[in-house]
Amino acid sequence: MIAKLAWRNIWFKPLNTLLSVLLLSSSVAIITLLILLQKQFEEQFSSNADNIDLVLGAQGSPLQLILSSVYQVDAPTGNINYDSARVWMRHPFIKSAIPLAYGDNYLGYKIVGTTPDYLQKFNAKIEKGKIFKKEFEVVVGHSVATKLNLKVGDKFNGTHGDAKEGEQHEEFQYLVVGISSRTGRVIDNLILSNIESVWAMHGHSHEESEEIQEEPKEITSVLLKFRNKMGIVTWPRIIVQNTKMQAASPAIEINRLFTLFGIGLKTLEYMAYGIMLISGVSIFIALFNRLKEKEYEFALMRLHGASRIQILSLVISESLFLCAVGYFFGTIIGRVVLRWLSSAAAEDFKMEFNPIEIIWDKESCLFMITLLVGVVAALIPAIRAYRMNISKTLANG
């Protein structure tokens, strides 16, 4: 009965109710979005950097090297000499070394020269076809195959550089020999070949170049996994002092990136809680005004047997209903925005987010905070209703 009456009362002045719900929904939507983004962002960055202790590449920004080599979201710092890199790749400290060579793309999807170890690193299986072995044979990532409708046996021309509008290589065609399974990681958005394909496409070793003095072979970077963890600490300094290369740690660089992101995310979170506070004030004002307008009605309810506790519960219930409605719409709006962001990130950064994931612990905590705001906002009007003088109110009415 109290719940039914409370629900009817919150729509007594629909514009005030809509304003309170709108403010509360906005704050809940921002916080929900931040919760989902932060969790999924960290998961994706951590999973893609699994089994990589250091990245060996050209000197420049360490963060740029990590972003381009591990997450495929930035331009590389340059190329390195393959023979020089191989000295470090064959060091006894090294457990595994996966070379990467960039150069081309197909409709915006990067073509990466590497070894089959790269697929094993992501636990990617060959879902259809076989692994690349010869020059210009490629294995297509699951998302690329789905979006571009590529099948085993298809052929295509690569485009030089990272931009899909660049110069197309007309002299050679890539042949799709395999499609990898879905992993939910960056490999799903790549096209993989052997490194010889990249060298051949760019004239390092192909037959047509035999009469020309062969240029030194180059690769973009190497993903290193150590047997001896001492190398993780000592190699960055040794390599930068003795070679034209650098060795950057994904853990350090990503931690630095998260620190920078963290400042922005915290600022947005504080803003969201500020909006929630304003919505709490709005609910308080709405309840207080409604109490003044409905004092006579409350007094009649008391006269017909309603207890003080029932009147107090009625006012608090109105506030809790407002908060529950605001939370419901806020979580939906937050997920709709995440869906839109995921589409944009998939296009620009080859990164996707899951809007239907529920993070029970943090979202439950947010729900409790939202209800707490409702209880605090209703406290003064509820106490005033509880202490109402029936005879005086009826006499004034």
Here is a list: I316, I283, I309, I278. Which entry is under 29 Å from M388 (Cβ atoms), β-branched (V, I, T), open to solvent by 30 Å² or more (accessible area, probe 1.4 Å) and touching a Leu at 6+ places or on another chain (Cβ under 7 Å)? I278
Residue hits (the range 1-60; in contact with a helix residue (DSSP H, G or I) (Cβ under 9 Å, 6 or more places away or on another chain) and of a type in the set (K, R)) are K13, K39
Does the range 8-25 contain at least one residue that is under 30 Å from I285 (Cβ atoms), among the charged types (D, E, K, R), open to solvent by 50 Å² or more (accessible area, probe 1.4 Å) and not in a helix (DSSP H, G or I)? yes
Would you check if K362 is more than 26 Å from S47 (Cα to Cα), part of a helix (DSSP H, G or I) and basic (K, R)? no
Within the range 305-312, is even one residue touching an Asp or Glu at 6+ places or on another chain (Cβ under 6 Å) and without any contact (Cβ under 8 Å) to a residue 60 or more places away in the chain? no
I need the full set of residues from the range 52-76 which are part of a loop (DSSP other than H, G, I, E, B) and over 17 Å from G113 (Cβ atoms), in order please. I52, D53, Q59, G60, S61, Y71, V73, D74
Answer from K147, K164, K133 - the residue that is closer than 24 Å to V73 by Cα, of a type in the set (D, E, K, R) and either more than 28 Å from the chain's Cα centre (by Cα) or assigned to a helix (DSSP H, G or I) (or both): K147
Pairs returned, first residue in the range 30-52 that is in contact (Cβ under 8 Å) with a residue 40 or more places away in the chain and on the phi > 0 side of the Ramachandran plot, second residue that is surrounded by fewer than 21 Cβ atoms within 10 Å (Cβ to Cβ) and among the small types (G, A, S), beta-carbon separation under 9 angstrom, 6 or more apart or interchain, are N51/S96
Lone unmet requirement of (1) out of contact with any Phe, Trp or Tyr (no Cβ under 9 Å at 6 or more places or on another chain); (2) open to solvent by 60 Å² or more (accessible area, probe 1.4 Å) for F298: (2)
Whichever residue in the range 357-379 is touching a helix residue (DSSP H, G or I) at 6+ places or on another chain (Cβ under 7 Å) and open to solvent by 60 Å² or more (accessible area, probe 1.4 Å) and, among such residues, is nearest to C323 (Cα to Cα): F367
Quick one: is F41 within 30 Å of I111 (Cβ to Cβ), assigned to a helix (DSSP H, G or I) and open to solvent by less than 30 Å² (accessible area, probe 1.4 Å)? no
Of the residues in the range 121-132 that are more than 24 Å from K225 (Cβ to Cβ) and basic (K, R), the one that is least open to solvent (accessible area, probe 1.4 Å) is K130
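The values are calculated or read from the model by the stated rules, or taken from the named source; none is laboratory data. Here the structure is a predicted model, which is why all the values come from computation and not from measurement. Cβ coordinates were reconstructed from backbone atoms using ideal geometry, including for glycine residues, and neighbour counts include every protein chain displayed. Note: accessible area is taken over every heavy atom of the protein model, side chains too, but ligands, DNA and RNA are not part of it. Shrake-Rupley method; radii C 1.70, N 1.55, O 1.52, S 1.80 Å.
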